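Trainee: The structure that follows is given in the form of structure tokens.
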Amino acid sequence: PSVISFGSKNRTIGVAAKNQQITHANNTVSNFKRFHGRAFSDPFIQKEKENLSYDLVPMKNGGVGIKVMYMDEEHLFSVEQITAMLLTKLKETAENNLKKPVTDCVISVPSFFTDAERRSVLDAAQIVGLNCLRLMNDMTAVALNYGIYKQDLPGLDEKPRIVVFVDMGHSAFQVSACAFNKGKLKVLGTAFDPFLGGKDFDEKLVEHFCAEFKTKYKLDAKSKIRALLRLYQECEKLKKLMSSNSTDLPLNIECFMNDKDVSGKMNRAQFEELCADLLQKIEVPLYSLMEQTQLRVEDVSAVEIVGGTTRIPAVKEKIARFFGKDISTTLNADEAVARGCALQCAILSPAFKVREFSITDAVPFAISLVWNHDSEDTEGVHEVFSRNHAAPFSKVLTFLRRGPFELEAFYSDPQGVPYPEAKIGRFIVQNVSAQKDGEKSRVKVKVRVNTHGIFTISTASMVEKIPTEENEGSSVEADMECPNQRPAENSDTDKNIQQDNSEAGTQPQVQTDGQQTSQSPPSPELTSEENKIPDADKANEKKVDQPPEAKKP
């Protein structure tokens with residue numbers, strides 16, 4: 001488990017830390033994955049803060065800080081530092097088993113993670129010194145784990161096999177539809193409920209027994225954090241037992257509060273009635289997935305389920321009833337995502353020879369760009385990546401400009417993003433000037449959703465007309481490229497990225513900051529090249545825009 005406990009002499013991670021959660025409640029950190037990339041003022045953080053045994057405090061930059069006592073001193077750690085501690089332990093475990101240093105890795109994140117959350121996870125990996133080859137969506141990792149071993153997949157020229165993957169873990173519910181051909185995987189669409197998981201079923205049980213103990217024993221379990229944590233642990237055990245038993249099962253806790261023993265009981269039927277509202281929520285992402293992908297139930301060849309919470313019989317029954325077919329449990333419910341990441345790491349590593357398997361992921365949220373018209377106060381907006389657009393993917397947009405201009409990226413449908421900030425970042429294209437004849441210059445801007453699922457403006461170039469010596473009346477066009485351009489930083493940071501180019505003269509540069517602008521109708525200044533990538537760019541795509549290379553052992 002992702003649990004870290006801080007003590008006076010050391011820190012423990014995993015199972016050992018979870019065992020100390022009751023005795024060291026204030027200094028044991030858990031359930032922190034969803035804090036990545038969020039501000040302390042985020043409504044989600046404020047709501048979760050009330051249910052935690054440890055303290056959340058604001059950082060100087062407005063982020064989330066975790067305050068604990070460590071080595072008999074008070075420490076304030078960022079979420080990235082806490083995650084880095086977990087990654088350090090995993091790195092040590094891998095090195096102890098492999099008997100060699102480990103620097104390359106593939107890390108999985110929920111498919112609904114936004115740019116800010118993904119960048120935060122990459123920062124955590126950088127703290128540890130890990131070379132993250134790819135941030136992989138959970139469901140894509142599951143699909144890879146499923147497809148790479150299948151020998152009976154249809155050929156490339158045949159109709160693909162459609163498989164739906166359903167994952168209900170500790171805190172989130174994700175579903176994905178994938179098309180499989182031999183050696184090829186394409187994610188057709190994803191849907192999710194980021195606030196539906198095993199812990200929600202645990203909370204239903206906790207609320208039930210808190211009310212029962214208050215009536216029966218006059219004890220308020222919520223008034224003492226240690227008693228509440230013990231109740232959470234016992235309710236989780238009871239939930240697991242009810243998955244394989246339909247009879248009445250006891251819940252007994254000795255010396256619960258005030259030296260009093262408490263007891264209760266529940267059966268599966270009562271549990272399902274208690275969680276009826278949660279079970280109803282399961283269908284919402286399933287309907288959303290089928291609507292997005294325009295699939296019919298008959299088109300689905302198989303439904304694979306993973307995640308510990310899918311072991312609850314009522315959850316299985318709900319999914320099976322929706323698709324009208326038996327669900328498959330051929331994948332390891334707990335390790336499917338990790339195995340998919342391991343396979344992706346092996347594919348990217350030169351140390352392993354793995355059969356070729358192409359992966360095309362999908363953009364979970366539509367992304368748009370907004371900009372100011374040249375010499376006008378109005379703004380234009382254009383959706384560059386629609387929802388479920390293939391990823392990684394690049395597009396080249398051409399703007400007609402006489403001077404520097406700004407582009408702002410944002411999520412097109414803020415209501416559909418489980419994150420309070422729709423803005424991704426603001427990019428400034430600098431060193432743009434008019435042509436010598438006074439005409440507007442054509443500025444080509446390359447936008448990309450990279451292998452990490454992060455949106456970037458990777459390069460900008462200006463087309464300059466150069467008169468020829470043979471005939472002064474004629475001219476040729478030359479692209480003034482930005483070869484040293486780095487991917488743009490997240491808009492929530494205070495960093496400004498600007499191209500380092502000694503020949504900056506008339507070559508555009510791109511930098512970012514965190515300011516925001518508003519939306520308005522499309523601009524006619526965006527040319528028809530928006531959906532194309534020049535052949536030269538395609539040839540260099542793998543060299544320029546691929547993930548970091550794995551190091552040879």
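Trainee: Taking the Cα centre of the range 281-430 as origin, sum charge times position over the Cβ atoms of Lys and Arg (+1) and Asp and Glu (-1), and report the length of that vector in debye to the nearest 20. Working shown, then result.
Mentor: Values: 16 positive and 20 negative charges, 113 e Å.
Dipole magnitude for the range 281-430 comes out near 540 debye.
Trainee: In what sequence, highest mean first, do 1-12, 387-398, 95-106 appear when ranked by Cβ atoms within 10 angstrom? Could the numbers behind the result be given before it?
Mentor: Working: 1-12: 16.8, 387-398: 18.8, 95-106: 12.9.
Top of the packing list down: 387-398, 1-12, 95-106.
Trainee: Hey, another quick one. Relative to the Cα centre, what is the charge dipole magnitude of the range 168-230, using +1 at the beta carbon of each Lys and Arg, -1 at the beta carbon of each Asp and Glu, and rounding to the nearest 20 debye? Don't jump to the answer; show the numbers that get you there.
Mentor: Values: 12 positive and 7 negative charges, 47 e Å.
Roughly 220 debye, rounded to the nearest 20.
Trainee: Tally Lys/Arg at +1 and Asp/Glu at -1 over every other residue whose Cβ is under 12 Å from the Cβ of residue 281; what's the total? All intermediate terms of the calculation are to be shown ahead of the outcome.
Mentor: Details: positive: 318; negative: 193, 200, 277, 283.
Net of charged neighbours comes to -3.
Trainee: OK, next. Nearest 20 debye, what's the magnitude of the dipole of the range 1-81 about its Cα centre given +1 on Lys and Arg Cβ and -1 on Asp and Glu Cβ? Kindly include the intermediate steps, with their values, before the conclusion.
Mentor: On the way: 10 positive and 8 negative charges, 47 e Å.
With only Lys, Arg, Asp and Glu charged at Cβ, the dipole is about 220 debye.
Trainee: In addition: With 32 Å as the limit, write out which pairs from 33/182; 9/353; 395/465; 89/199; 100/316 have Cα-Cα distances beyond it, or answer none. If you can, show how the numbers build up before the last one.
Mentor: Numbers: 33/182 35 Å; 9/353 44 Å; 395/465 23 Å; 89/199 24 Å; 100/316 42 Å.
Over 32 Å Cα-Cα: 33/182; 9/353; 100/316.
Trainee: A further question follows. So for the range 9-131, averaging the separation of alpha carbon pairs under 8 Å that are six or more residues apart and normalising by length, what relative contact order in percent results? Don't jump to the answer; show the numbers that get you there.
Mentor: Working: 129 pairs, mean separation 29.5, N = 123.
After rounding, I find 24 percent.
Trainee: Okay, moving on. P(r) for the range 1-152, please, calculated from all Cα pair distances in 5 Å bins and given in %.
Mentor: Whole-percent P(r) values from 0 Å outward: 2, 9, 16, 19, 19, 17, 10, 5, 2, 1, 0, 0.
Trainee: Along the Cα→Cβ direction, 7 angstrom out, place labels at residue 296 and residue 321. What is the inter-label distance in nm?
Mentor: Roughly 2.4 nm, to one decimal.
Trainee: I'd like the distance separating the alpha-carbon centroids of the range 1-54 and the range 70-135, in whole Å.
Mentor: 16 Å
Trainee: Which of the residue pairs 184/325; 49/186; 423/446 have a Cα-Cα distance greater than 27 Å in the structure shown?
Mentor: Numbers: 184/325 25 Å; 49/186 38 Å; 423/446 19 Å.
Long pairs (Cα-Cα over 27 Å): 49/186.
Trainee: Starting at the first residue of the range 143-157, write each ³J(HN,Hα) from the Karplus equation 6.51 cos²θ - 1.76 cosθ + 1.60 with θ = phi - 60°, in whole Hz, x for Gly and Pro.
Mentor: Values, residue by residue: 5, 5, 4, 6, x, 5, 8, 6, 9, 9, 6, x, x, 5, 9 Hz.
Trainee: May I ask which residue of 197, 242, 166 lies farthest towards the positive end of the charge dipole of the range 159-266, with charges of +1 (Lys, Arg) and -1 (Asp, Glu) on Cβ and the Cα centre as origin?
Mentor: 166
Trainee: Cα centroid distance between the range 428-467 and the range 330-409, in Å?
Mentor: 19 Å
Trainee: Projected onto the charge dipole of the range 3-80 (+1 at Lys/Arg Cβ, -1 at Asp/Glu Cβ, origin at the Cα centre), which of 54, 44, 5 gives the Cα projection farthest towards the positive end?
Mentor: 44
Trainee: Starting at the first residue of the range 34-40, write each ³J(HN,Hα) from the Karplus equation 6.51 cos²θ - 1.76 cosθ + 1.60 with θ = phi - 60°, in whole Hz, x for Gly and Pro.
Mentor: 6, 8, 4, x, 10, 7, 4
Every read-out reported here was derived from the displayed coordinates using simple, explicitly stated rules and does not represent laboratory data. Predicted model only: the values in this text are computed from it and were never measured. As a convention, Cβ positions derive from the backbone with ideal geometry for all residues, glycine included, and neighbour counts pool all protein chains shown.
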